[in-house]
1. Near PRO80, within a Cβ-to-Cβ distance under 13 Å, what is the net charge of the other residues, with Lys and Arg +1 and Asp and Glu -1?
2. Would you mind checking which residues have amide H under 5 Å from ILE534's amide H? H placed 1.01 Å from N; only 5 or more apart, or other chain.
3. Which listed residue (LEU373, LEU566, VAL488) has the Cα farthest towards the positive end of the charge dipole for the range 360-570, taking +1 on Lys and Arg C-beta and -1 on Asp and Glu C-beta about the Cα centre?
4. Hey, which aspartates and glutamates would be in cross-link range of LYS268, C-alpha to C-alpha under 13 Å, not counting anything within fewer than 8 residues on its own chain?
5. At q = 0.09, 0.12 Å⁻¹, what log₁₀ I(q)/I(0) does a Debye calculation on the Cα points of the chain give, no solvent, two decimals?
6. Tell me the net charge near GLU39. Cut-off is 15 Å between Cβ atoms, GLU39 excluded, with +1 for each Lys or Arg and -1 for each Asp or Glu.
7. Angle check, please: helix 554-570 long axis (alpha carbons) against the longest principal axis of the chain (alpha carbons), in degrees 0 to 90, nearest 10.
8. Would you mind checking the radius of gyration and Dmax of the range 360-570 based on alpha-carbon positions, in Å?
Amino acid sequence: MTYLFNDPADFATQAVTGLARSHPDHVAVVHGGVVRSTETPRGQPALVIGGGSGHYPAFAGWVGPGMGHGAPCGNVFASPSASQVHSVARNAESGGGVILGFGNYAGDVLHFGAAAEKLRAEGIDARLVTVSDDIVSNTPENHRDRRGIAGDLPVFKIVGAAIEAGADLDEAERIAQAANDATRSFGVAFDGPTLPGAAEALFHVPDGQMGVGLGIHGEPGVREEPVGSAAEIARLLVEGVLAEQPPRAEGGYAGRAAVVLNGLGTVKYEELFVVYATVAELLEDAGITVVRPEVGELVTSLDMAGLSLTLVFLDEELEQHWLAPVDTPALRRGAMPVRERPRRATFWEPGADETPTSTEESRAVAARIGGVLELFEAVCAREEAELGRIDAIAGDGDHGQGMAYGSAGAANAARAALADGAGARTLLVRAGEAWSESAGGTSGALWGAALIAAGGVFADDSGSSPRTVVDALDAGIDAVLRLGGAAVGDKTMVDAALPFRTTLDRAFTGDDAAAAIQEAARTARAAADATADITAALGRARVLGDRSLGTPDPGAISFSLLMAELGEHLS
C-alpha cells in the first residue's frame, strides 16, 4: 500500500514539488508539471512527455538533456489536463515546435490532443506521438492502437537523443514513430496497487495465480494463470515478445535488441536480476544480441507487484540513439556533449483572464448554474466509492475519484467566477476548464468539454429560458460525441447520453425543461444499467474483454445519476 501521504488529493502535486527540490539542476516546477531547469536551445524541438502520476521515474524523472524537455503530471493514474499539457509545452517550446509523447490511453489522447489544438492555434507546430507497445492489448496488425506500458522508456530515450543530435521536428517525429513501431512489451502482475488513502488495492490476484497482460494504471491482467518460477515467467515473457520479432534484413533489423526488464513497484531488483538471467539466456539462444539492457524500476504503478519485458528491435539508427548519453534525474548514461546550457530565468504562466462584463440577468442565471455544480459536487462525493468499485472490475478504479475531484474543481471555479461577477457563459467555461484539470482522465476531458460547450449556448449579456437549458445539454452531449469518438454499444457514457438526448428532445415541448430532463434521466438510467450486458469496445476496459460483462459502465452510471439529480433540482 501507499504509506506516506498528506492529503491524497495533493499527493501528485506534492510529489512533483519534492522531485524538483531534490533535483534542482535538472527540473523546475511550472503549472501542470516540470520542465528542464535550463533553457531549451532556440529552434530545437521540445519533447514533452507525460501521463498520470504514480509511475516514477516515468515521466518527470526523464526530463533533462538527451531526453525530455518537460513533463505534464496528472493525478495518480489519470491523464494531465489539456491546460496542464499546454502550460508545460509553452514553457518547454523555444521556436522549434513540440512533440507531445504519451502512452496510448483514451484520456491522454483526449487531453494531449486538445492541448495540441490550442498550441497550433497559437502558431506552435505540435505533433502527437503515442506509445503502443503492449502486445496483449490489440493484434499485431493494429500495433499503433495498443496501449503503452514500459515501452515509453526506450521510445522517449531514442527520440530525445535524436533531438539532442540535431533532428528537426519532422525528423524527430519520424524517429519517434519508428521507435514505437519497433517496440514490444509483455507483463504479468501478482497483486494490484493501492491509491494513496485507499484501504484496498485496485485488484487482487487469487493465491497461486498471476495476472497475465498487465496495464500500468492498476488494470488487472487479461487472464490468470498459475504462478511459475522465475525461469518459467521469463520464458513466458520472452516467447510472447519474440512472437512479433520482425524479419531480419540488410540495413534494417539484424537481430540486435534493446532490452528493458521493468519492475512495477514491489518486485525488487534481486528478483528482477534472477528473471533477467534467464531472459538473457533465452535471447542468446534465439540469436538476439542484447544492446545496453536496463533492469530495474523504470515505469512503475505505485506499489503494483509485477514486472514486464520490453524489446526494441533495433536498426542502426535506433541503436545509435539508444546508446547516446542522457542526463536526467532517473536515467543517466555517459557524458553529455559539453555545451552552454543557461539556467531558466523566466517561466510562462497561464494568465488570469479578465472577467467579461455581464448583465444582472446573466449573473442570476450564473448563480443558478453554480447551484447545480455544487449539487454535482455533493452527488459525486456521495457516489465516489460505488463508482470506484464498479470501475475497478474491468478498469483502473479511479472513475469515482475522478468524478469527485472534477466536480469539486468545477464547483470551486464557479464560486470564484460568481465572486468576480461572471455571467453564465463565462462561469460554465471556467468550470469546464477546472473540471478537466482537476479530474484528468477520460471522464475529466469529456465532462470539461461538455461544460465548455454548454457555456457556448448561454450568454454573459442576457438571461435564459427552458429552451436554453435543453440546448445546452444537447451541446454538451455533442462535445462528448465529437471528442470521445464512442457510439452506442461501446460501453461508455454515450450509452446513457444518447438515449437521454433522444428522450429529452421528444419530451420537451417548450416550457418545462425539468419534467423533460426527469423523463430523459429515467431513460438514461435504464440504458446505463443495460450496459452490464455488453462488452466494452473502447477505453481501458476494452482490453479485458468479457471481464466487463455483468457490470454496468461507470461513466454511463455517473451520467444518469447527475441527470436525475439535475431534473429533480430544477423541478
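1. Working: positive: none; negative: ASP108, GLU437.
That works out to -2.
2. GLY550
3. Farthest along the dipole direction, towards plus: VAL488.
4. GLU297, ASP303
5. -0.67, -1.14
6. Numbers: positive: ARG36, ARG42, ARG90, ARG339, ARG341, ARG343, ARG344; negative: ASP25, GLU93, GLU164, GLU340.
Local charge sum for GLU39: +3.
7. 20 degrees
8. Cα radius of gyration and Dmax of the range 360-570 are 16.2, 53 Å respectively.
Bear in mind these aren't lab numbers, they're just calculated from the coordinates by the rules spelled out. These numbers come from a predicted model, not from an experiment. No Cβ is skipped: glycine too gets one built from the backbone with ideal geometry, and neighbour counts run over all protein chains shown.
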